[in-house]
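Asks: Handing you a structure now.
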Amino acid sequence: MNTPTDSPKRRVRVEVNGTPIVREVECRKHLIDFLREDCGMKGSHLGCEHGVCGACTVRLDGQIVRGCLVLAAQADGHRVDTVETSTPSKRLKALQDAFVEHNALQCGYCTPGMLMAALELVEQKPDADRTQVREWMSGNYCRCTGYHAIVDAVCAVLEQQRAGRFADEPVASADEVRA
Amino acid sequence: MNHPTEIPTRRDLGADLPAVTEDQRHIGVAIPREGVRRLTQGRGQFVDDIELPRLAHVVFWRSPVAHMRITRIERSAAQALPGVIAVVVGAEIAAICKPWVATLAHLAGIKSAPQYPMALERATWQGEPVIAIVAETRAVAEDALGLLEVEWESLPAVLDTETALDPATPLIHPELGDNLCFTRSLDTGGVDEAFARPDAVAFEETYVFGRHTGVTLEPRCQIADWNPGDQKLTVYHSFQAPHMMQDLYCRQFELQESQVRVVCRDVGGSFGIKVHAYPDDFATVALAMLLQRPVKFVADRLESFVSDIHAREHRIRARIAATKAGEILAFEIDDLTGIGPFSMFPRTSGIEGNQVVNLTGGPYKHKAYRAKLKVVFQNKVPTCQYRGVGHPIACAVTEALVDGIAAKIGMDPIAIREANVIPDDAYPATGASGIKLEILSHEACLREAKRVCDYDALRAEQSQLRKQNVYRGIGVATLIELTNPSAAFYGVGGARIASQDGATLRLEPTGVLTVMSSVGEQGQGAEAIFAQIAADAVGVGIDRVRVVTGDTDATPYGGGTWASRGAGIGGEAVLQAGLVLRENILATAEAILQRERSGLKLHRGAVVDARTNERLLDLAELGRIAYFRSDTLPKTFTPELMVTRHYAQRDYPFIFTNGVQVSHVEVDVDTGFVKLLKHWAVEDCGRVINPMLVDEQMRGAIVQGIGGALFEECLYSEDGTLRNGNMADYLVPMAGEMPDIVVSHVQSPTRSSQLGAKGAGEAGTAGAPGAVMNAINDALAPFGARVSSQPITPEKILRALGKI
Ligand code: FES
Ligand code: FES
């Protein structure tokens, strides 16, 4: 028979979408639950809680992670960005617009995670072609669309980028991201 | 590689049909859904996002085995855990919630056993809820699960459909006398004669379809809030048919409609999974009433695999007869399907097999048809209607038979279809199974399919590549899809599921239009097309329209979203309400302007002179006077600026639609892997209201159909437990393995409504498995190999090739 684990707590300080948040959280608590329950950031969703569907994708210090596989305590002292940010980058804004334009969402449940994954693609793989976009986006389930419109939307933003639309907004280099 | 397609904004598809309104500007146009912008910003409101004061969380202890007798439950340790509010067993719930039996009078002879929200002394499938734990947080409730002590005795499980009816097989519900839920047979006569004709050729095969499930990305969830102060129940539910649930809560808990409100805000995917009443829906409501505080239930992914409905476990022996010249003479099928231990409430688990009988052979002219159906109980997760209900099975069987016979007589797959579909000028027509077909366009769709995929070029490339040992296949599927159902679907069988839908349109004082519809939004774009229809019906810009759905307290009564009825039924109600509102606005203008009605028109948000289009009165000014300055209006005149209209389709049992899909695949004959190269869909949903929404609706459905054809299966171990009930092991299609999907439209509007819209939600799922299976078999043709069991895994392909 299982016995419940003791639930030791720890104080964490996380910058969520630019705002510093300090909370006392159970060490076992996942980042996605911390964001949803303790920070009131309901934009990122839970689809599987076992790291497969990508609905919980958020950025930790600029790199995408699965919020259901990272502990809140691991984010202590770090920066987390979700789709709810009130100051979206130009690329994120362009992706949000393109998703609406192309009908790249139906129920919208996968969309916050999709957008985070797409944003990293646009920043890291500016030359990606359609096949590479399909491959990259394969970490995220969408059960409503046929993916086609999502791929269209991401490709459209890549084109805009290649045409110089985001030239004044540099991408953080991989080193900076890790720092 | 393909380039990203052009932004489809404002692509117009209405132009080739006569307009349904005076100034049709929005209907038929690919207008983006601005209303979803909030979802791209994480500002949706799904059930799990809702917090209420005193909110408690429930988790269920579910049967870990397929069939068991519960001998002892010890709950004190769980109950003692700090934060646990209550630990509740089945009998305590049954004391306030009545059991149900899911049968329908028009499915003659269907039977099922009484079902309770939580198992009483026996659990009959792995996943059946047995004990509920309510706690202050979900984490504490889950901790407490580990402190429950449950003792049980395993009972023999009925799993195999083939032996379910054998006398030696134990009975799941002894009081029913056997394990048979429903049986149906249909015989038009002439089948044996057709097969016996001297010029007849026959083709015969057995088709197996694995169970799969919906995997809505947002799991099933609800919050039940019983307020003892005003004796009212509010249920926030991720659901497709709010009024149906309101009615069921009333009846199972003996409440009045006035006491129950069901609210469905954002719904994260539904596909038929969220149109059934689940035991844990009732249990959650019961807990809220017992504890007198709101209770939230959110299925986690592992429990959704064993508690969401499954679908489509069928084994069908089938054959077709045709003349050597290629005239199809007869179809015969024998369908055996397993549905779990209960028929699902309230739609029954008999409908799917019933549809297979209705639809098989449906596109074709033949008149001889014989079908047998047996629906049997098993100790597995209950099955019920999932996107396409019976369509993918009927279509895959029919189309595989047609391809099989075509190959036998040496005919091209498209040519045999062209020769045998019911011709476009032969409608209305009756199919061999007795289905009434109003107006279909098989010939036009086949022509269009051939054109868009450049069929001849594909065939030429195929034979070229075969010489280099590259095996590509082209698969065609012609389909019919049941949409816009009348009361013949459920109402006549005694189910209290509305066949009509309603719309209320209100002109606000500022000239803004509010639309309230009983059909809700789960991502299909219902709200967007209602805005388009309302804008055109009244004569305003779409930016001035807002739509309210998903609240039984606010919207007219209606059936909601299922059987592809939202646009055809709900949309017609919006149109009719809008046309009346336009007249009422003009009557108001007549009173204000003191000018003859006949000289007035409503045009682009203003009342204008009918001859000159001179703007006479803005709607905002009309609204101001009508609402705030009634003293200036004639005493005998009252402006009626809120109009409600309902619509039920009554001309046919269903309005059928049709389409053709073409799948292009490459099979690696060494590994058995299938690469999907491209997919084409030609669809006819009558009048297209927003082609961009229909396109992606089709694509989403096609991808779900491909999932069933190639990847998805609920695999059971020999003792009846699910082996792959998690997202890592249960495969669904991802972006990387899906092809680009080209969608093309043919429009044959239904005459049963003024709008002319038919449904578009299921055709994709209906046609894809057949098209993909045919394509694979076409690729395997040089080896004389065939596959007929879905999902078509690499292993099955290698077996067919004799390589393993
Ligand atoms: S919820 Fe984290 S990957 Fe599915
Ligand atoms: S839009 Fe519903 S899951 Fe992607």
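The values are calculated or read from the model by the stated rules, or taken from the named source; none is laboratory data. Computed from a predicted structure; not experimentally measured. No Cβ is skipped: glycine too gets one built from the backbone with ideal geometry, and neighbour counts run over all protein chains shown.
Asks: Return the residue satisfying two criteria in turn: it lies in the range A:97-116 and is more than 16 Å from ligand 1 (Cβ to nearest atom) and either within 14 Å of the chain's Cα centre (by Cα) or acidic (Asp, Glu) (or both), and of such residues it is farthest from B:GLY761 (Cα to Cα).
Replies: A:ASP97
Asks: Please work out which residue is nearest to ligand 2 (Cβ to nearest atom), limiting yourself to the range B:292-307 and to residues that are of a type in the set (D, E, K, R) and in a helix (DSSP H, G or I).
Replies: Applying the filter and picking the extreme gives B:ARG301.
Asks: Oh, and also: Quick one: count up the residues across the range A:131-154 that are part of a helix (DSSP H, G or I), touching a helix residue (DSSP H, G or I) at 6+ places or on another chain (Cβ under 6 Å), facing chain B (nearest Cβ under 7 Å) and free of Cβ contacts under 8 Å to residues at least 40 places away in the same chain.
Replies: 6
Asks: Any idea which of B:THR510, B:THR504 is in contact (Cβ under 8 Å) with a residue 24 or more places away in the chain and assigned to a strand (DSSP E or B)?
Replies: So the residue among B:THR510, B:THR504 that is in contact (Cβ under 8 Å) with a residue 24 or more places away in the chain and assigned to a strand (DSSP E or B) is B:THR504.
Asks: Within the range B:723-731, does at least one residue satisfy the condition of being crowded, with 20+ Cβ neighbours inside 10 Å and more than 11 Å from chain A (Cβ to nearest Cβ)?
Replies: Within the range B:723-731 (the criterion being crowded, with 20+ Cβ neighbours inside 10 Å and more than 11 Å from chain A (Cβ to nearest Cβ)), the answer is yes, since at least one residue qualifies.
Asks: Looking at this structure, is A:GLY113 exposed (fewer than 15 other Cβ atoms within 10 Å of the Cβ), within 29 Å of A:VAL12 (Cα to Cα), in contact (Cβ under 8 Å) with a residue 24 or more places away in the chain and more than 9 Å from every other protein chain (Cβ to nearest Cβ)?
Replies: No; evaluated as a whole, the condition is false for this residue.
Asks: Give the residues of the range B:251-291 that are within 16 Å of ligand 2 (Cβ to nearest atom) and in a loop (DSSP other than H, G, I, E, B), sorted by residue number.
Replies: B:CYS264, B:ARG265, B:ASP266, B:VAL267, B:GLY268, B:GLY269, B:SER270, B:PHE271, B:GLY272
Asks: Of all residues being in contact (Cβ under 8 Å) with a residue 60 or more places away in the chain and within 14 Å of ligand 2 (Cβ to nearest atom) in the range A:49-63, which is farthest from the other protein chains (Cβ to nearest Cβ)? Just the residue, please.
Replies: A:THR57
Asks: Given the criteria part of a helix (DSSP H, G or I), within 8 Å of another protein chain (Cβ to nearest Cβ), of a type in the set (Asp, Glu) and under 18 Å from the mean Cα position of the chain (by Cα), does A:GLU120 qualify?
Replies: Judged against the criteria, A:GLU120 is not a match.
Asks: Among the candidates B:ALA286, B:ALA330, which residue alone is in the same structural domain as B:TYR236 (by TED's automatic domain parsing) and at pLDDT 95 or above?
Replies: B:ALA286
Asks: If B:VAL674 meets every condition in (1) hydrophobic (A, V, I, L, M, F, W, C); (2) within 12 Å of chain A (Cβ to nearest Cβ); (3) over 12 Å from A:HIS148 (Cβ atoms) apart from one, which number is that one?
Replies: With (1) hydrophobic (A, V, I, L, M, F, W, C); (2) within 12 Å of chain A (Cβ to nearest Cβ); (3) over 12 Å from A:HIS148 (Cβ atoms) applied to B:VAL674, the lone miss is (2).
Asks: So the check is Cβ under 6 Å with 6+ separation or different chains; which pairs have a first residue in the range B:772-787 that's within 18 Å of B:ILE706 (Cβ to Cβ) and a second one that's polar (S, T, N, Q) and not in a helix (DSSP H, G or I)?
Replies: Listed pairs, sorted by first residue: B:VAL772/B:SER663; B:ALA775/B:SER663.
Asks: A further question follows. Pairs, please: C-beta under 6 Å, at least 6 apart or cross-chain, first residue among the hydroxyl-bearing types (Ser, Thr, Tyr) and in the range B:455-471, second not in a helix (DSSP H, G or I)?
Replies: Within 6 Å, the pairs are B:TYR471/B:VAL667; B:TYR471/B:VAL669.
Asks: Still on this model: Can you name the strands (runs of 3 or more DSSP E) wholly within the range A:39-96 that have at least 1 residues being more than 7 Å from ligand 1 (Cβ to nearest atom) and surrounded by 22 or more Cβ atoms within 10 Å (Cβ to Cβ)?
Replies: Answer list for the range A:39-96: A:57-60, A:79-81.
Asks: So which residues in the range B:187-224 are within 26 Å of the chain's Cα centre (by Cα) and either away from ligand 2 (no atom under 16 Å from the Cβ) or among the aliphatic types (A, V, I, L, M) (or both), if there are any at all?
Replies: Selection gives B:TYR207, B:VAL208, B:PHE209, B:GLY210, B:ARG211, B:HIS212, B:VAL215, B:LEU217, B:GLN222, B:ILE223, B:ALA224.
Asks: Which of the residues that make up the range B:699-710 are hydrophobic (A, V, I, L, M, F, W, C) and in contact with a His (Cβ under 9 Å, 6 or more places away or on another chain)?
Replies: Selection gives B:ILE702, B:VAL703, B:ILE706.
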